[in-house]
Structure formats: C-alpha cells, structure tokens
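The values are calculated or read from the model by the stated rules, or taken from the named source; none is laboratory data. What you see is a predicted model; the values in this text were computed from it and never measured. Every residue, glycine among them, receives a Cβ derived from its backbone with ideal geometry; neighbour counts consider all protein chains shown.
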Amino acid sequence: MNEAPPISKVLRKLYLTLFLRGRGARGLDKDKAPKSIGSKLARSLMLYALIGLTVLFSGKSDLFFLSLQLHGMTLVFLALFVTASAGEVLFSESEPEILLHRPVTAPQLLWAKVRVMVEVSLWLAIAFNLAGLVLGALGPQGNLAFPLVHLLSTLMSALFCCGGIVLVYQLCLRLFGRERLENLMTITQVLLVIAVFCLSQIGPRMMNSLPGELDLTSLPPWMLLLPPAWFAGFDAFLTGQTNMICAALAIVAVGVSVIIPWLAVVRLAGSYQSGLQSLSQARPQKALAAGKQPWIERISRLPLLRDLLRDPLVAAGFRLVLAHLARDRDTKLRFYPGLAPILVMPIVFLIPGAGSMDSSAGVALAGGYLATLPLLAMNLLQFSSHWQATDLFRYTPMPGPGPLVHGARLAVMSIIAVPALLVLSLAVFLIPGGSTKLVMLLPGIIAMPVYAYLAGAWGKTIPFARPSEEARSAGRGASLVGMMMSSFVISGMAIVASQMGLLPWYLLGEAVFAIGICLLLHKSIDALKWPPAE
C-alpha cells in the first residue's frame, strides 16, 4: 500500500492549482489550463524582463550600486504583488468550512500559502533580474560569482517581503480583530501603491545624484537602514567586499529573512487560525436610528442623481456598486489599491520639475490621465469572488445587463470621478498662476464620460460578473494601457491647439464629438445581451 503524501505537499499542490486555474469552474478547460507558473505568467514575465533592461542604461557599473538598484525595484514589484494577492489568498471565506475540520494545523496551512506566494514572487523577481545578472557577471566590474550570490539574496528578499506582509496582517488581526483587519488591509495597499509611485519619481533622481563609483561610505547613513541596502550588502560581502559594514548588512539580511517568516508563519499562527474561524461567523448589522435612512438611499436621492435613477433597474445597479464598495472585503481590496496609481499620477504631472513640459501642458496631461478613471474603475468592478450571484439577474424580467451597467457607470462618475476632478481642480488652482490654467483641464473633463461609456459598451463590463482571478490577465492590462495612451493624444492635441490659439474651437469640436459618441454608446449598452452561462 502506497503511503499518503505529506500534508505540506498536498496543500502546496492545492494552492498552486488554485493559483493556476482559479476558484471558479465555469468556462474552465482542463486541457488548456496553465500547467506551471511560467505558462500562467508568460506575458507578465516578458514584461518584467523588458523592464529589467533599464539597469543596462543606469550609467554606473559598480556592483554594489547595481545590486542596490536591482533589490530596490525587486522589493517594490514583490510588495505590490504580495500586497494585492495576500488578502485574497490568506483569508478566503470559502476555506474555513472545508479545511478547519480536517487534521491540518494552522502553521501547515499558512506555510503552504506563503510558499506558493514565494514561488510566484521568485518567478517575477528572476524575470526582472535577468539583465542585471548578466551585467553583474560580464560587466566592466563584473564578478562571475555575482549571479549565484544575487539569486540567493533574491530568494531571501522574497521570503522577507512575503513574511513581512503576512506578519503585518497577523499583528493587525491579533491587535484589532477581523472587522478592522479588512479596512487596514485596504488602507495598507493604497498607501503602499502611493509610496511606490512617489518613489518611482524621486528614486531615479536621487540615485543618479550619487557618485559614479560607489562605496558604502558614500551612501547617506539613512539608506543603510533600508532593506535594499541589506541585501546589496549581502551580495557585496560574498563577492569580495569583506569589510565590517558589508558583514553587518549581510548579517541583517540573513536575520530578517529567517526571523520575519518564522514570526509570521509559526509564532503568530494561532492568530491566523482564530481569524479563519471568525470568517465564517456572520457579523450583526448595526441598527439604524429611528427615521434615519441608509446612506446609500440618501445619496441616491440627491437632486441630480434622483432624476438619473428613475429607472428602478438602473437604481438597483447603482446601489449594488455602492454596497460592494463599502462592505465587500474582496471588492475593497481590489478596487481602491487599483485606483491609487491613476489618482496619484495627475498630481505628479503638476509637480515642478516632473518633466520638461511647461505647467499648462502638465495640467492638460493630468486632466487627460484622470479622464480614464471611470474606465479603470468599471473594469475593476466587473470582478468578484461572488460572481456566481449575478446569475440571479438572468432570471429577472430584464432584457439584458444594460441597466446594471448604466447604474455602475453613474456610481463611478458620482462617487469616484467627480470628487477626483474637484480635488485635481483645487490642486491646479493652488499652483502659481493656476487660475489661468484651469481651462486646460477641459479636454479631459469632456472626454471622461466617453471613457465611462466605453467601459460598458466596448468592454462589456457587467458589474461583479467575472471571477476575481481573471483580474490578473496581462491582456486586460495591455488594453487599459492602450486606452490611457489615447487620453494623452487628446491632451497633446489640446496643447497644440492652445499654442496655436485654437483651443476654444478644439474644445467645441471635442464636445460635439463626445456627445455623439456617448449617444451611440448609450444605445449600445441598452442592446447588451447576457453572455452565455457556459
């Protein structure tokens, strides 16, 4: 009789299969499903490898600088990936009823999930570091031992990154409980994305200002306190720079790579088990005061929205989106961090020195970039872990999903897009001479409703109708990038028209064109039919 495989091996295979195939069975072709992480992430890995080529043009050949640069960007990419997926992987609401009554300990369950996250992280990290490995071995100051040493330090940084984020979630779960953990995870992801985008603007300038030939004494002392310096010090120590600072940094790198995952997976596993148990427990709804309406009802009765939501089916789609954005953990963890980049980048265009264009051009580009906000928001709203629940709408007396799409569009425009435009307008007004540049926001404002309609008509983004794992599609991301590039074309044409003194005529033509397109797209959404159930 064959012995049963170890539980750790079974769990690892289970979670790897879930990553490759997703949790939904509808439309799954087992023969065409990805068989490995490489086949699942092929296009993403190619994109990471292309981004990694930027180290070839850094202008500095010092191995310590190269390692510092590689580890800095690697930790950024890993943090974004792990933060985006950790909430869904660690705290799936469907797992407690299946696994908790089986002979599986909390550390075994947690380590299996962390191990899969580390494996996926390593694929992404190695793809990004390929060019750096070649440069570190064959460059002007290359060392043939660098590729092997750097791969080892990359594994350590992946363990540190995954363990650190899991540890933060574990501590929040122990200190604040499950209900607050959901909000804390969302806030953490949003802040991380904002920090990454800010560092992406400041980091290259700061690194380029450092001396061409670096040694540890030329670095600011505060930089030695950052994780990339620890792992760069590890690389430097094992490739020949055997001084006390390198030795200290290498010891720190090894220590955090061991201690952080141990604390997260072993020491605080009890908190994780209690958190899983609480997932299946229903939370009581807070009772409203007598005569007080729910906030969703109060919003839907605002003067302008009340007229737009006269159709009860459109109003149902509007309320459905607002309820998910306020209450559903899966939606919040995907939606708000996903919108953070597009909310931050327009402000970056307004920062003096962010580019070579003048401030009027920066305002136009900021408005054009923000115009795509409804498109991205609508695309994010089509994914949900509860996507099977939308089958209920198929059995209601409605010809198609058009009213739900219209309701989602109105929710995005009124709750997300309009407030973001007001904040951007205020930011423009506060910059020197900003009151005279507000007109350059008009091209983006006029284009914004068109992008909102495009999401429903061209993208057929039915709210919460697709499995959440499809949100990671690389092809979907490429189409969104194409749409964003079109917004820069609109802004660029406005900049040229302004320089030629033809901006009023350009705005008039754009407005007429936008109205016509919106009318056509409105009819196209009305004619949408439900996609096949299988």
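Need pairs with beta-carbon distance below 8 Å; first residue within 18 Å of Leu66 (Cβ to Cβ) and within segment 42-54, second modelled with pLDDT under 80 and surrounded by 13 or more Cβ atoms within 10 Å (Cβ to Cβ); sequence gap 6+ or separate chains.
Sorted first by the residue in segment 42-54, then by its partner, the pairs are Tyr48/Phe77.
Just give me the residues in segment 139-154 being of a type outside the set (Ser, Thr, Tyr) and either touching a Ser or Thr at 6+ places or on another chain (Cβ under 8 Å) or not in a helix (DSSP H, G or I) (or both), in sequence order. Before the answer, list the steps.
Our first condition is that a residue be of a type outside the set (Ser, Thr, Tyr); within segment 139-154, this holds for 139-152.
If the condition is that a residue be of a type outside the set (Ser, Thr, Tyr) and either touching a Ser or Thr at 6+ places or on another chain (Cβ under 8 Å) or not in a helix (DSSP H, G or I) (or both), then Gly139, Pro140, Gln141, Gly142, Asn143, Leu144, Ala145, Phe146, Val149, His150 are the ones that fit.
Have a look at Ala411, Ala323 and point out the one that is at pLDDT 85 or above, surrounded by fewer than 23 Cβ atoms within 10 Å (Cβ to Cβ), within 27 Å of Asp307 (Cβ to Cβ) and in the same structural domain as Leu521 (by TED's automatic domain parsing).
Details: Ala411 fails: surrounded by fewer than 23 Cβ atoms within 10 Å (Cβ to Cβ).
Step by step, each of Ala411, Ala323 is checked, and only Ala323 is at pLDDT 85 or above, surrounded by fewer than 23 Cβ atoms within 10 Å (Cβ to Cβ), within 27 Å of Asp307 (Cβ to Cβ) and in the same structural domain as Leu521 (by TED's automatic domain parsing).
Where in segment 185-301 are there helices (runs of 4 or more DSSP H), lying fully within it, with 1 or more residues that are at pLDDT 80 or above and surrounded by fewer than 14 Cβ atoms within 10 Å (Cβ to Cβ)?
Numbers: elements: 227-238, 244-262, 269-279, 295-300.
Fully inside segment 185-301 and qualifying: 244-262, 295-300.
Helices (runs of 4 or more DSSP H) wholly in segment 372-474 with at least 2 residues that are touching a residue at least 60 places away in the same chain (Cβ under 8 Å), β-branched (Val, Ile, Thr) and closer than 18 Å to Ile525 by Cβ - which ones? Don't jump to the end; show me each part of the working.
Details: elements: 373-381, 391-394, 402-412, 418-430, 442-457.
Counting at least 2 such residues, we get 402-412.
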